[in-house]
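Okay, structure first, notes after.
The values are calculated or read from the model by the stated rules, or taken from the named source; none is laboratory data. Quick caveat, the model's predicted, so the values are computed rather than measured. All Cβ positions, glycine included, derive from the backbone under ideal geometry; neighbour counts span all protein chains shown. All accessible areas refer to the heavy atoms of the entire protein, side chains included, with ligands and DNA or RNA removed. Shrake-Rupley method; radii C 1.70, N 1.55, O 1.52, S 1.80 Å.
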Amino acid sequence: MPALLHLDSSAGPLDRSVSRRLTARFARAWQARHPDAGYRHRDLAADPVPLVGPGYASLGIRVERRSAPVPLPDVHTLATTPDEQHEWSLTHPLIAELHAADTLLLGVPMYNFTVPAALKAWIDRITFPGAHTGRLTATRVVVVTARGGGYGPGTPRERFDFQTPYLRAWFTEHLGVPDANLRFVHAELTRAADIPALTPYRDLATTSLGSARTALTALADA
């Protein structure tokens, strides 16, 4: 049975967040296509993932130094302190949640040219040594971004986009998600309606949002 893990990281509420509205659109269409499938929504802004601490680092180093890979269910046996045990108790459920999903949906507004801290905290915690080896080769990842300005190919600010290259490298090179399974959907110029300097680009913003909606509907139906 397919399963969707839906993560939002915007600090804004649904009525003011473009990324939340777009991921909700995908989730509704996906659930309509898979009415009996599993679905999990995690709001990383409202319910933040704790930052990794010293116990996470020491346990991770111990696992990395093992001569053979450590199965996830056995990692807890290597925890030698209450702090390490606590860190693993926060980490293992998130990793298992990701592994249980066939599709991962991410809502990622651009904050200061990159991803929100709420998403980075989730990324840091689930990127435990050896946790995903060979586990995500069939996982489909849909990344929905919302950028207040324009960062697409050929724009003056294209070189300031540290959001897409970072996520692409992390998913494909580090986690082993095939490039063919990774899809980015961008909504550009989302602040054109309220920032005077962006007013001339309102039509482009409307077109970009419409294209994002169409793309997400198609991806949800695939």
### Message
What are the pairs with Cβ atoms under 9 angstrom where one residue, in region 113-129, is closer than 13 Å to TYR166 by Cβ and the other, located anywhere, is among the aromatic types (Phe, Trp, Tyr) and assigned to a helix (DSSP H, G or I)? Sequence gap at least six, or different chains.
### Response
PHE113/PHE160; THR114/TYR166; VAL115/TYR166; ILE123/TRP170; ASP124/TYR56; THR127/TRP170
### Message
I'd like the full set of residues that are under 20 Å from ARG135 (Cα atoms), outside any loop (DSSP other than H, G, I, E, B) and hydrophobic (A, V, I, L, M, F, W, C), limited to region 67-85.
### Response
LEU72, VAL75
### Query
Residue check, THR145 against (1) farther than 30 Å from ASP203 by Cα; (2) touching a residue at least 60 places away in the same chain (Cβ under 8 Å); (3) surrounded by 18 or more Cβ atoms within 10 Å (Cβ to Cβ); (4) of a type in the set (Ser, Thr, Tyr), all met but one. Which one?
(1)
### Message
When the residues of region 18-36 are narrowed to those that are among the small types (Gly, Ala, Ser) and in contact with a strand residue (DSSP E or B) (Cβ under 7 Å, 6 or more places away or on another chain), which ends up farthest from THR217 (Cα to Cα)?
### Response
SER19
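Restricting to region 166-202, count the residues that are at positive phi and in contact with a helix residue (DSSP H, G or I) (Cβ under 8 Å, 6 or more places away or on another chain).
Filtering region 166-202 down to residues at positive phi leaves 176, 189.
Filter once more, so that each one left must be in contact with a helix residue (DSSP H, G or I) (Cβ under 8 Å, 6 or more places away or on another chain): 189.
Going through region 166-202 one residue at a time, the tally reaches 1.
Quick check on my filter: what residues within region 177-201 are β-branched (Val, Ile, Thr) and either loosely packed, with under 13 Cβ neighbours inside 10 Å or not in a loop (DSSP other than H, G, I, E, B) (or both)?
First, pick out the residues of region 177-201 that are β-branched (Val, Ile, Thr): 177, 185, 190, 195, 199.
Matches in region 177-201: VAL185, THR199.
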### Query
Can we say LEU204 is within 21 Å of SER10 (Cβ to Cβ) and either under 16 Å from the mean Cα position of the chain (by Cα) or not in a strand (DSSP E or B) (or both)?
no
#### Entry: Among residues of region 7-24, those that are basic (Lys, Arg) and modelled with pLDDT under 95, counted
1
### Message
What's the number of the only condition in (1) surrounded by fewer than 20 Cβ atoms within 10 Å (Cβ to Cβ); (2) modelled with pLDDT of 95 or more that THR133 fails to meet?
### Response
(2)
### Query
So LYS120 fits all but one of (1) open to solvent by 10 Å² or more (accessible area, probe 1.4 Å); (2) modelled with pLDDT of 95 or more; (3) more than 11 Å from the chain's Cα centre (by Cα); what number is the exception?
(3)
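For region 96-109, indicate whether the set of residues that are open to solvent by 20 Å² or more (accessible area, probe 1.4 Å), in a helix (DSSP H, G or I) and within 21 Å of THR23 (Cα to Cα) is non-empty. Step through it out loud before you land on a result.
Just the residues of region 96-109 that are open to solvent by 20 Å² or more (accessible area, probe 1.4 Å), to begin with: 96-97, 99-100, 102.
From what is left, the residues that are in a helix (DSSP H, G or I) are 96-97, 99.
After this cut, where a residue has to be within 21 Å of THR23 (Cα to Cα) as well, the list is 97, 99.
Scanning region 96-109, I find at least one residue that is open to solvent by 20 Å² or more (accessible area, probe 1.4 Å), in a helix (DSSP H, G or I) and within 21 Å of THR23 (Cα to Cα), so the answer is yes.
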### Summary
Scanning region 177-191 residue by residue, those over 15 Å from the mean Cα position of the chain (by Cα), touching a residue at least 12 places away in the same chain (Cβ under 8 Å) and over 18 Å from TYR111 (Cβ atoms) turn out to be PRO178
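Scan region 30-62 residue by residue and report those that are of a type in the set (A, V, I, L, M, F, W, C) and over 30 Å from VAL142 (Cβ atoms). Step through it out loud before you land on a result.
Residues of region 30-62 of a type in the set (A, V, I, L, M, F, W, C): 30, 32, 37, 44-46, 49, 51-52, 57, 59, 61.
Of everything in region 30-62, those that are of a type in the set (A, V, I, L, M, F, W, C) and over 30 Å from VAL142 (Cβ atoms) turn out to be ALA57, LEU59, ILE61.
Checking the condition within 21 Å of the chain's Cα centre (by Cα) and exposed (fewer than 12 other Cβ atoms within 10 Å of the Cβ), which residue from ALA46, ALA32 passes? Before you say what the answer is, go through the steps one by one.
Working: ALA32 fails: within 21 Å of the chain's Cα centre (by Cα).
Of the residues listed, the single one that is within 21 Å of the chain's Cα centre (by Cα) and exposed (fewer than 12 other Cβ atoms within 10 Å of the Cβ) is ALA46.
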